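Novice: Got a structure for you, written out below as structure tokens; questions coming shortly.
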Amino acid sequence: MNRIIICAGFAALAAWSQASVAAPPHPGRLLASNCFQCHGTDGRKGFEELAGKSSSSIYEEMKEMQAKPADKNIMNAHARGFSDNEIWLIADYFSKVPR
Ligand code: HEC
């Protein structure tokens, strides 16, 4: 099931990356805007900058935080609000923002 959801995410990314001149915004940007308050707009100038980090490291950190007790850390609680597919889209978005 997760694999199907992740594949759907990649299909959305593939469709987005083939878009022509008037490219729509990255499909993860709206989801990623949930992170801007603490991590800075587009993941820049926050206390933990996400811009330009590898998508796999953001994905893995989010999965680790999802698995930790939600009442111990704001990120553990926050990470739980997103599906695997949404986390991939968010991670891919931040990885493509120039530092
Ligand atoms: C309410 C503030 C807040 C919001 C909103 C928030 N974060 Fe965080 N984030 C934190 C804090 C605080 C830490 C540091 C946690 C720690 O080190 O224990 C953190 C840490 C992280 C880390 C680990 C960074 C590192 O280098 O260790 C990642 C990845 C991350 N956040 C991703 C996200 C993503 C993706 C979103 C949006 C879906 C998000 N955060 C939204 C406060 C926030």
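The values are calculated or read from the model by the stated rules, or taken from the named source; none is laboratory data. Just so we're clear, the structure is a prediction, and the values are computed from it rather than from any experiment. When we count neighbours, we look across all protein chains shown, and the Cβ atoms used for this are built from the backbone with ideal geometry, even at glycine. These accessible areas exclude ligands, DNA and RNA; they are computed on the full protein's heavy atoms, side chains included. Shrake-Rupley method; radii C 1.70, N 1.55, O 1.52, S 1.80 Å.
Novice: Excluding residues on the same chain fewer than 8 positions from residue 72, give the aspartates and glutamates whose Cα lies under 16 Å from its Cα.
Specialist: Straight-distance partners of residue 72: 61, 64.
Novice: So what are the ³J(HN,Hα) numbers for the stretch 30-38, from phi and the Karplus equation (6.51, -1.76, 1.60; θ = phi - 60°), rounded to whole Hz, Gly and Pro as x?
Specialist: 5, 5, 5, 5, 5, 9, 5, 4, 9
Novice: Residue 30 to residue 64: FRET efficiency via 1/(1 + (r/R0)^6), r the Cβ-Cβ distance, R0 25 Å, to the nearest 0.05?
Specialist: Efficiency at R0 = 25 Å is approximately 0.55.
Novice: Count the net charge of all other residues whose Cβ sits under 12 Å from the Cβ of residue 93, scoring Lys and Arg as +1 and Asp and Glu as -1.
Specialist: Charge balance in the 12 Å sphere: 0.
Novice: Work through the residues other than residue 49 whose Cβ is under 11 Å from its Cβ and net out their charges, Lys, Arg +1 and Asp, Glu -1.
Specialist: +2
Novice: Using a 1.4 Å probe and ignoring any ligands, DNA or RNA, find the accessible area of residue 50 and quote it in Å² to the nearest 10.
Specialist: Only protein atoms counted, so the area is about 20 Å².
Novice: Starting from the Cα-Cα distance between residue 99 and residue 54, subtract it from 0.36 nm times their residue separation and give me the gain in nm to one decimal.
Specialist: The residue 99-residue 54 span can extend by a further 15.0 nm.
Novice: Oh, and also: Note down the net charge around residue 80, summing +1 for each Lys or Arg and -1 for each Asp or Glu among other residues with Cβ under 14 Å from its Cβ.
Specialist: Here the count lands on -2.
Novice: Estimate the FRET efficiency between residue 76 and residue 45 by the formula 1/(1 + (r/R0)^6), using the beta-carbon distance for r and 30 Å for R0, to the nearest 0.05.
Specialist: 0.80
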